[in-house]
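Down below is the structure, laid out as structure tokens.
The values are calculated or read from the model by the stated rules, or taken from the named source; none is laboratory data. Since the structure is predicted, the reported quantities are computational estimates derived from the model, not experimental observations. Note that we place each Cβ from the backbone using ideal geometry, even for glycine, and neighbour counts take in every protein chain shown. Accessible surface is based on the protein model in full, side chains and every heavy atom, while ligands, DNA and RNA are left aside. Shrake-Rupley method; radii C 1.70, N 1.55, O 1.52, S 1.80 Å.
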Protein chains: 4
Amino acid sequence: MRIDHYDDFDWQGLLDSIGADIAPLLTHGEVANYIPALAAVDPESFAMAFVNLRGETFTTGRASTPFSIQSISKVFALILALELEGEALWDRVGREPSGTAFNSIVQLEEDHGVPRNPLINAGAIVVTDSIVGHCGESTAIARLLAFIRKAANSLGPRIDMKVAESEEAYGDRNRALAYFMKSFGILKEDVPIALKAYFQQCAIAMSTVDLARAGLFLANGGTDPATGLELTTKTRTDRLNAIMMMCGHYDMSGDFAFSVGLPGKSGVGGGILAIIPQVGSVAVWSPRLNQAGNSLAGTQALQWFSERSQVTLF
Amino acid sequence: MRIDHYDDFDWQGLLDSIGADIAPLLTHGEVANYIPALAAVDPESFAMAFVNLRGETFTTGRASTPFSIQSISKVFALILALELEGEALWDRVGREPSGTAFNSIVQLEEDHGVPRNPLINAGAIVVTDSIVGHCGESTAIARLLAFIRKAANSLGPRIDMKVAESEEAYGDRNRALAYFMKSFGILKEDVPIALKAYFQQCAIAMSTVDLARAGLFLANGGTDPATGLELTTKTRTDRLNAIMMMCGHYDMSGDFAFSVGLPGKSGVGGGILAIIPQVGSVAVWSPRLNQAGNSLAGTQALQWFSERSQVTLF
Amino acid sequence: MRIDHYDDFDWQGLLDSIGADIAPLLTHGEVANYIPALAAVDPESFAMAFVNLRGETFTTGRASTPFSIQSISKVFALILALELEGEALWDRVGREPSGTAFNSIVQLEEDHGVPRNPLINAGAIVVTDSIVGHCGESTAIARLLAFIRKAANSLGPRIDMKVAESEEAYGDRNRALAYFMKSFGILKEDVPIALKAYFQQCAIAMSTVDLARAGLFLANGGTDPATGLELTTKTRTDRLNAIMMMCGHYDMSGDFAFSVGLPGKSGVGGGILAIIPQVGSVAVWSPRLNQAGNSLAGTQALQWFSERSQVTLF
Amino acid sequence: MRIDHYDDFDWQGLLDSIGADIAPLLTHGEVANYIPALAAVDPESFAMAFVNLRGETFTTGRASTPFSIQSISKVFALILALELEGEALWDRVGREPSGTAFNSIVQLEEDHGVPRNPLINAGAIVVTDSIVGHCGESTAIARLLAFIRKAANSLGPRIDMKVAESEEAYGDRNRALAYFMKSFGILKEDVPIALKAYFQQCAIAMSTVDLARAGLFLANGGTDPATGLELTTKTRTDRLNAIMMMCGHYDMSGDFAFSVGLPGKSGVGGGILAIIPQVGSVAVWSPRLNQAGNSLAGTQALQWFSERSQVTLF
């Protein structure tokens, strides 16, 4: 893409066309049902929001309705943990695609308890463990929430305690991952404490427009273009985008790179955040998922977004 | 990056600085010794070449010395196979990072003989099988070589038959991969015929400057900016760059994306090709390899190239 | 079991009762169809034969009809290879249950090309490679056949060349295993030569009564009780029986030990040989297989044989 | 073996010879150090005890010194669980060799949370979960201990609470296994409750002579030959011995069957129990372990025991 092409681009027209074309897809796929609290959502919801570096916001669908961002929170947690712990964090979590499902434990055994990357569950638990270690049990998630609110420039993001409790009630697989890593010394905090924070982190809710706004600094080298706040460095931003590109969609990361061509992160709540460096940040939400656990309509919407605007990185 | 920043960039100065700084690294790492023909090279060779969209060429080191590009040929073979077979090729090779070593057979068993991506050995054998199927046994590799020469706008690229014979003599692991896929019906041609072509493909030799030039169309949406020849479509170019980004460095692809931030492909001959969309194409060569089988000095040189010019995609 | 209990046991009555009870099961399961030559057999065939240490023979069903013993030949090949190569054979094949399917290649990658045991395909190919190494390409299988004829005290056993050709025509998976091991230096002979012998070994045909007779020396410490010929030592006999117990039924070996309680080896031709140390040798044949690839009726017949005569080792 | 050969066998002479020959081996191998409580034992201890069906007891070494039987308790727990739950227990634990290490979690993921057999850690946790389910949290282990004391006809066996606490303190790997199985619904009780019982079960301590005596009913079809108590049925006894043969020594079960030829179970405390059906029960103890985690001197002692008395099953 040539960035200057986008100065006068009709983003609203693009979003309107996607909103119109997506309707037939909203009845396909299945809403995540691994926790009851997620299954309660209207399955045919759809929203999309784009924020550019000038701070202009474009939306279609229910862009102000909060939803559970689930694993998308892993991106913000990773930035915060890097700010707190620095590059030493990479001693206990890798940055390679895993080639396996989001909750696989096989890779952990091969690699002596070190998760392949920070965007699969095991790696994200390490990241949360780091935040808890630096901020303390009682303030870790408050600190993360504050970070996200600052990035979104909004008080909208909050913890949905009903979802957090549901995560905790159905959290045995994550407990297995955590104790496994603990047995190798990769986790430093007590497992129940680290997991309590992790379950709350997964339960962060926010609107599609807030989510797009929260990702904007990642399109601008780490600095919020509207407020001027430096949330992280340029180098870390580049690297985060690289990690999202490589690992953001579990074992369909390659497919997302192939068809959308942007760094992104999906969550089982049906949200996806994608970054267009130097152009803007786009979020989409639609609860029904494809077989790999990514939003079915959301993935298609982003593919159209990329094709029709030609914003692919490649 | 902002592409217009690079109109007056001092590329030669950048390459000169890298050439000067790289010297102490040239004694680190080990030359590939899995085939005798590769071990014969001067281990401390170094070359780097950059070609921009205007067709300007900048070099440092032994940029005119031919070397064995080995797995880098997989990129050109993939483009040719897609031109010949179309998207049906994706029915028998995936596009996900493998998370395992370049010659692993474990993943093949899990996935019923379908290789995870076309840049690991198994996937590249499928690609070659496709070319042989469309061009015939006798002309397949001639066709591939012609494609590379056209891309490089040079008659320099050739098959090093001594290396090809060495590949064949030490090819039992690749035979195992090929017969395994054949048993699942993924390979269509006779195994010895497909492998004969594959071994020759691995033995393509060319200079660093020719290699950079041969990658230029991938930085320009599929069309050679100097000759105007359309070697492939814009969509296919985007997707190829995405595949290189995700899978170009075996089980260190994530690390390369993290530290260099560009689509690239390495070979055990010590070469690496990297693409900077809309800016240019860069190649590096240094025979000593790191533990993952990628050029040690070459990887560092590309990291400096990316950092100092700020050409990372992210 | 107390061995002296069996001096006056009514073996013929036992076999008659099994022959009568088995009829309803003969329509269950599927005949092996991985090679066409095997699929040509009458699927509802059934035969059982028992030979005791006195040399008395008892049969039911089509006990004189030859069938393809397939993997059961691995037992005789192993004894012969041990006689030829001695304990050094264990340097290149293990003796642990594999926990995976008969033709799995995953375990080979973990163990650097050394098969887990000599009764899975990869291990049996190593065994055949050893015989070829010691006897030469032209006489290896003739030597194995002579060994089996001596053990069976019969000229009945022969190579079914039609089956051998079918094995060769559909042998790509075994080629993959062989080249994989060759790449680690575990196989010593040329792969096509070792495999040609292996395919013929798999194609040995003999009757159920000859098969039971051929196993008799394994129930008598290595010496044929009728002829007095020492085919192998007592120690090797004990160990062979142990290996059959641990590994004789692929990933259902535990189930066979649990329900039958005897050392045994099955083949996809529908045959099973089981040894009752110091009592006798029993063979069964019925072509339809269960999901693990073992004779469905044959497994049940052996379970009844063991339960009704109380010959379990445990 | 012919059982009547053993009526006048000089068992004491056999044990004396083993006791004399084993001395040089007692300084080889390493004491288990995964929990501090185990590391406190005298590393060069050695004891062996044999009890025959007449109830005669023969010993050598420190046969009255209690030691931590660790995983050997899995055998007694399995019998008790089968008495309580019946064959339905096999719905949630398999009976195949695992082909992997005692605490591997890889196999669990492949098999949807069902452990391969009841003698690896995951399977034993299922067994304990069953006992807790049937007996209640407060009496489960008391019930198991009562069963073992009845089998041993001794009040010697007890729970070593210091070891139990050490197991609990270093139990994260087992917690991972348990939560993983819980996430698939294979465990029925609360994980901390099931594990508390499991840790105590691992901490059972008893002398070598008591251990040999406790195994005697397994050599006699389930009935204690001295007291006439039927502890389990003949069928279950046969099957238990089969399971011990197949799975009793983790990923060296095949080697034990090959070299010793008896059903047996080892523990990281350095104990091994082996059963000679219709002859007797033999126990050995020596704390230093080989690389697979089985008693180094104990394994050798049992091999000599088997060779010199010719009691191998095969």
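Chain C residue nearest the axis that carries C onto D, by Cβ, with distance in whole Å, is C:GLY99, 1.
Compute the whole-percent fraction of alpha carbon pairs in the protein assembly as shown spaced more than 63 Å apart.
Details: 133910 of 788140 pairs.
Tail of P(r) above 63 Å: 17 percent of Cα pairs.
Couplings 3J(HN,Hα) of region A:115-125, computed from phi: x, 5, 7, x, 9, 8, 3, 4, x, 5, 5 Hz, in residue order, whole Hz [Karplus 6.51 cos²θ - 1.76 cosθ + 1.60, θ = phi - 60°; x for Gly and Pro]. Could you let me know the centre-to-centre spacing of region D:44-86 and region C:216-234, using Cα atoms, in angstrom? Cα centroid to Cα centroid, the span is 36 Å. Which of rounded, prolate or oblate describes region B:158-225 when judged by the alpha-carbon gyration tensor and an a/c cut-off of 1.5? Oblate shape, in that a/c is at least 1.5 and b/c is the bigger or equal ratio.
Partners of C:LYS265 within straight-line reach, counting lysines whose Cα lies under 21 Å from its Cα and excluding those fewer than 8 residues away in the same chain: C:LYS74, C:LYS150, C:LYS234.
Amide H to amide H, with H built 1.01 Å from N, C:VAL41 comes under 5 Å of no residue 5 or more places away or on another chain. Counting only the Cα atoms, region B:102-141 fills a convex hull of 67 Å³ per residue. Between the helical axis of C:234-247 and the longest alpha-carbon principal axis of chain C there is an angle of about 90 degrees.
So if the hydrodynamic radius of region C:72-202 is defined as the Kirkwood radius over C-alpha pairs, what does Stokes-Einstein give as its diffusion coefficient at 37 °C and 0.692 mPa s, in µm² per second? The partial results should precede the final answer.
Details: Rh = 14.6 Å.
The Stokes-Einstein estimate is 225 µm²/s.
Counted without the sites themselves, the longest stretch of chain B free of GluC sites (Glu not before Pro) in a DSSP loop having at most 15 other beta carbon atoms within 10 Å is B:138-314. Relative to the first principal axis of the alpha-carbon coordinates of chain B, what is the inclination of helix B:172-183, with its axis defined by its Cα atoms, in degrees from 0 to 90 and to the nearest 10? That works out to roughly 60 degrees. Per Stokes-Einstein, at 37 °C and 0.692 mPa s, what whole-number D in µm² s⁻¹ belongs to region A:1-155, with the Kirkwood radius over Cα pairs as the hydrodynamic radius? D = 177 µm²/s.
The Cβ shell under 13 Å around C:ALA37 holds other residues with a net charge of -3, Lys and Arg each +1, Asp and Glu each -1.
Hey, if we sort C:HIS134, B:HIS249 by accessible area with the 1.4 Å probe, largest down, what's the order? Write down the numbers at each step before the final one.
Values: C:HIS134 95, B:HIS249 5 Å².
From most accessible down to least: C:HIS134, B:HIS249.
Given Cα pairs under 8 Å that are at least 6 residues apart, what percent is the relative contact order of region C:72-202? Don't skip to the end; give the middle numbers.
Numbers: 157 pairs, mean separation 38.8, N = 131.
Computed over region C:72-202, the figure is 30 percent.
Sites listed here are trypsin sites (Lys or Arg not before Pro) in region A:165-203 whose DSSP assignment is loop and whose Cβ has at most 11 other Cβ atoms within 10 Å, and the list is empty.
What separates the Cα centres of region C:285-314 and region A:236-254 is a distance of 53 Å. In a simple Cβ point-charge model (Lys, Arg +1; Asp, Glu -1; nothing else charged), region D:1-123 has a dipole of about 240 debye relative to its Cα centre.
Solvent-accessible area lost on pairing D with C (1.4 Å probe, both sides summed) amounts to about 3200 Å².
Taking all protein chains as they are arranged and a probe of 1.4 Å, the heavy atoms of C:SER309 leave approximately 0 Å² accessible to solvent.
Relative contact order for chain C: what percent, with Cα pairs under 8 Å and sequence separation of 6 or more?
Details: 651 pairs, mean separation 85.3, N = 314.
In percent, rounded to a whole number, it is 27.
Shielding by partners for B:258-266, please: the mean number of other protein chain Cβ atoms within 10 Å of each residue's Cβ.
Going residue by residue through B:258-266 and averaging, the value is 3.
Could you report region A:26-170's accessible area per residue, 1.4 Å probe, as an integer in Å²?
On the way: 5500 Å² over 145 residues.
Using a 1.4 Å probe on heavy atoms only, each residue of region A:26-170 averages 38 Å².
Using a probe of 1.4 angstrom, how much of the accessible area of region D:260-314 is carbon and sulfur, in percent?
Values: 420 of 980 Å².
The value for region D:260-314 is 43 percent carbon and sulfur by accessible area.
Put simply, region A:197-314 fits an ellipsoid with semi-axes of 21, 18, 13 Å; these come from the alpha carbon gyration tensor as the roots of five times its eigenvalues, largest first. Computed over the Cα atoms of region B:252-302, the ratio of the radius of gyration to the Kirkwood radius (Rg/Rh) comes to 0.94. For the residues of C:235-247, the average number of beta carbons from a partner chain within 10 Å of their own beta carbon is 5. Taking the helices alone, chain B has a mean residue ellipticity at 222 nm of -13000 deg cm²/dmol, built from -39,500 (n - 2.57) per DSSP H run of at least 4 residues and averaged over all its residues.
Axis angle, to the nearest 10 degrees, between helix D:191-202 and the longest C-alpha principal axis of chain D: 10 degrees.
So, with a 1.4 angstrom probe, what is the percent of accessible area on region A:1-126 that is carbon and sulfur? Provide the component values of the computation, followed by the final result.
On the way: 2390 of 4690 Å².
Summing carbon and sulfur atoms, their accessible area is 51 percent of the total for region A:1-126.
Phi angles of region B:251-261 translate, via the Karplus equation with coefficients 6.51, -1.76, 1.60 and θ = phi - 60°, into HN-Hα couplings of 8, 10, 4, x, 5, 5, 4, 5, 9, 9, x Hz per residue; Gly and Pro are given as x.
Rounded to the nearest whole Hz, the Karplus-based 3J(HN,Hα) values (6.51 cos²θ - 1.76 cosθ + 1.60, θ = phi - 60°) of region C:305-314 follow the sequence 4, 5, 5, 6, 9, 6, 8, 3, 5, 9, with x at glycine and proline. Ranked from shortest, the separations from the 7 Å Cα-to-Cβ label point of C:ARG158 to its equivalents in the other copies are 5.9, 7.4, 8.7 nm.
Might you report the magnitude of the Cβ-based charge dipole of region B:72-202 about its Cα centre, with Lys and Arg at +1 and Asp and Glu at -1, to the nearest 20 debye?
Values: 14 positive and 17 negative charges, 85 e Å.
For region B:72-202, the charge dipole is close to 400 debye.
Any idea what % of Cα-Cα pairs in region A:190-244 are farther than 13 Å? Before the final figure, lay out the partial values.
Values: 998 of 1485 pairs.
Roughly 67 percent, once rounded to a whole number.
Mean projection of the Cα convex hull over all viewing directions, computed for chain C: 13.8 nm². Comment: the Cα-to-Cβ extended label point of D:HIS5, at 7 Å, lies 2.0, 8.5, 8.6 nm from its counterparts in the other copies, nearest first. Taking every pair of alpha-carbon atoms in region A:52-125, give the share separated by more than 17 Å as a whole percent. Result: 55 percent of Cα pairs exceed 17 Å. Counting from the shortest, the label point at D:ASP21, 7 Å from Cα toward Cβ, is 4.3, 6.8, 8.1 nm from the same position in each remaining copy.
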